[in-house]
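Novice: Attaching a single structure in structure tokens format; questions to follow.
The numbers here are math on the coordinates, done by the rules we state, and not lab data. If you're wondering where the values come from, they're calculated on a predicted model, not measured in any experiment. Neighbour counts are summed over all protein chains in view; Cβ atoms, including those assigned to glycine, are modelled from backbone coordinates with ideal geometry.
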Amino acid sequence: MTPALNSASRLMLIAPHPDDEALACSIILQQAVRAGATIRVVYATDGDDNPWPQRVLERKWRLNAADRKRWGKLRRAEALAALRALGVRASDARFLALPDQGLTNLLKCDCRSTLERFAAIIRDWPPTHLLVPSIADTHPDHSALAVMLRLVLAELPGSQMSVWSYAVHGESPAFSARAQQHRQLEAETAIKLRAIRCHKTQIKLSRRRFLAYAARPERLLKLRARETTIADGSIRSISRQPHTLRLDLRLSVKPIRAAEPTLYLLSRDVEEALRCLSVQLPVRSCRIELRDAATERRVGVARYRGNAFAGELTIPIDIFSSAPALFVKLERRSWFFDEAGWLEIPAAIHPRQIISSNIAQPSLAIR
């Protein structure tokens, strides 16, 4: 099942960066144009914090704020060129200029105004079909934006729009095992390739990888309420109980890591304020501090039983309300990408809730 588009459809695509429209949504955008649908493309960032291609193209090692602004302007122009190649008008695009490479920090610390901004965008231009990044995407900007949009959509009751997620980076079974492949014609593939080629700044250092996206089938996953969660990455299973969250962890060996593994928990507290807690994983069994990600203040104690590669983590979650979903991420970044994205754990409606990463077996999650 994929979106059914016609002349009455209103399709909104929310993209983390310029180029995501071409890499992941070229086919559905072309089909929307042919169907006569109304289209709106919203870019969260300008992709301005992309230093290596900029250093190569501009032959400049030290980049300042003015350099980044100029780069972001160039990437906006490339995005508009790609949209024209797909048949989408430049007037149908909006750029929000959120911090490139900074959406995770924005999510963890204070994104209230950003959530309000996205809510206003969706309310003011109500789509019938909404395309959003996958929460399982391994690019940190993509998965963080996906969490923001899920928080926004949870506060927009009564909406009749269908919501679909797309993945650009990674091959997470949490997405790929359930997503539907979008039918792609040869002529559409040729136009998609033309749109990708418009992003010349990105092709400079990643030509083969970027052009390969033209032939890669596009997949969309329809988001539904109370959807079963499949664990991902080093999180093998999760049990949410009224007062605690238990995670079974199996950490693979990563020779190159930017920092020690840190687990983040994000949800609304009993006063409806958005809170994000963090806990850094130890190398042996012990009690470890649970901290507020924004203030670094200690808010509790978690317990870890295991070693540097496997164990069980038990975290008190009384600080959160039991009604909303809980978002969890184990950050283990190698170079640029994450090992996995975020997981959405449904509300604690049952005293025991297990989410298994073994998709070959029946899931025990409460639906």
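Novice: How big is D, in µm² s⁻¹, for region 235-356 by Stokes-Einstein at 20 °C and 1.002 mPa s if Rh is the Kirkwood radius over C-alpha pairs?
Specialist: The estimated diffusion coefficient comes to 146 µm²/s.
Novice: Continuing with this model, one more query. Order by neighbour count: VAL283, VAL132, fewest other Cβ atoms within 10 Å first, most last. Intermediate results must be reported in sequence, preceding the final value.
Specialist: Details: VAL283 12, VAL132 24.
Least to most surrounded, the residues fall as VAL283, VAL132.
Novice: For helix 20-35, what angle does its Cα long axis make with the longest principal axis of the chain, in degrees from 0 to 90 and rounded to 10?
Specialist: Result, in degrees: 60.
Novice: Also: Kindly put GLU21, GLU296, GLU312 in sequence by how many other C-beta atoms sit within 10 Å of each C-beta, fewest to most.
Specialist: Ranked by crowding around the Cβ, least crowded first: GLU296, GLU312, GLU21.
Novice: For TRP335 and GLN181 in the same chain, what is the full-extension length gain: residue separation times 0.36 nm, less their Cα-Cα distance, in nm?
Specialist: 52.5 nm
Novice: How big is the Kirkwood radius of region 10-222, worked out from every pair of different alpha carbons and given in Å to one decimal?
Specialist: Final number for the Kirkwood radius of region 10-222 is 17.4 Å.
Novice: Where does the chain land at 222 nm, in deg cm²/dmol rounded to the nearest 500, when only DSSP H runs of n ≥ 4 count, each adding -39500 (n - 2.57), divided by all residues?
Specialist: Working: 9 runs with 110 residues, N = 367.
Helix-only estimate at 222 nm: -9500 deg cm²/dmol.
Novice: Near the amide H of VAL41, under 5 Å away, which other amide H atoms are found, from residues 5 or more places off or on another chain, if H is placed in the peptide plane?
Specialist: Long-range HN contacts for VAL41: LEU13, ALA93, ARG94.
Novice: Which of TRP52, TRP164, TRP335 comes first, and how do the rest follow, when ranked by fewest Cβ neighbours within 10 Å?
Specialist: Details: TRP52 11, TRP164 25, TRP335 7.
Least crowded to most crowded, the residues run TRP335, TRP52, TRP164.
Novice: Which value in Å does the Kirkwood hydrodynamic radius of the chain take, with 1/r averaged over all unlike C-alpha pairs and then inverted?
Specialist: It is 21.4 Å.
Novice: Where does the charge balance sit around ALA214 when Lys and Arg score +1, Asp and Glu -1, over other residues with C-beta under 13 Å from its C-beta?
Specialist: +3
Novice: For every other residue with a beta carbon closer than 10 angstrom to the beta carbon of VAL163, add +1 if it is Lys or Arg and -1 if Asp or Glu, then tell me the sum.
Specialist: Details: positive: ARG150, LYS222, ARG224; negative: none.
Neighbour charge sum, excluding VAL163 itself: +3.
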